[in-house]
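Structure, as structure tokens:
Values in this text are rule-based calculations from the coordinates and carry no lab data. Please read all numbers here as calculations on a predicted model, not as lab measurements. No Cβ is skipped: glycine too gets one built from the backbone with ideal geometry, and neighbour counts run over all protein chains shown.
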């Protein structure tokens, strides 16, 4: 499995308390005031809605399933009412709950997605190492998320390469003029194409071309197969 670009890792913080009041805000990135369902699982683990936060591992585990194995794609992960016609995976988890977990882990969302037609710089604090795993006969299969995405020639469908490896950019979505958290409204969670409304963006230069990304079928289980997408914050 291809190694991701190196990112500095900070020391883990003390165990997190179960929040009893409105959730913390990240600079320029906030979540709606509605309080999510949080359960203390012990040993530094919390369940927040459908997801699991592991404070020691600094990770968020999102239950999902395979949605697309062919065709042009613009998202890795979206909600069931999101842009499912162009997303490899879908989830019942909410963007709000994922964002809450990221804030509790001290994420520092990047407010700027960087210049067009160029790769974005992913700084410590907004860097996410993303993997996907699923159960099978024997040990679970686990690969980096970029391995599920091909870069293809839209003129003939030929495969050019796999999406560049490395950390993904946690940008944290945005608040719309009417006060709505855009990621909750659009159900956009991990975007391949530049998207201010998504929680997480692909930082590579390919993000500004919406015609070249396709699922890497050879790396994906069958459509509908349950998977777990794991985000490790760095």
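What to note about this one:
- Cα-projected label distance for residue 136 with residue 50, points at 7 Å along beta-carbon direction, nm: 2.4 nm
- Rounded if a/c under 1.5, otherwise prolate or oblate - the stretch 38-233, Cα gyration tensor axes: oblate
- Length-normalised contact order for the chain - Cα pairs under 8 Å, 6+ apart - percent: 28 percent
- Helix-only CD estimate at 222 nm, as mean residue ellipticity for the chain, using -39500 (n - 2.57) per DSSP H run (n ≥ 4): -1500 deg cm²/dmol
- With the highest mean first, a sort of the peptides 134-141, 220-227 on other beta-carbon atoms found within 10 angstrom per residue produces 220-227, 134-141.
- R0 of 25 Å, Cβ-Cβ distance residue 81-residue 165: FRET efficiency to nearest 0.05: 0.25
- Ranked by the mean number of other Cβ atoms within 10 Å of their residues, highest first, the peptides 90-96, 153-159, 117-123 fall in the order 90-96, 117-123, 153-159.
- Computed from Cα atoms, the angle from the helix 95-104 axis to the main principal axis of the chain rounds to 60 degrees.
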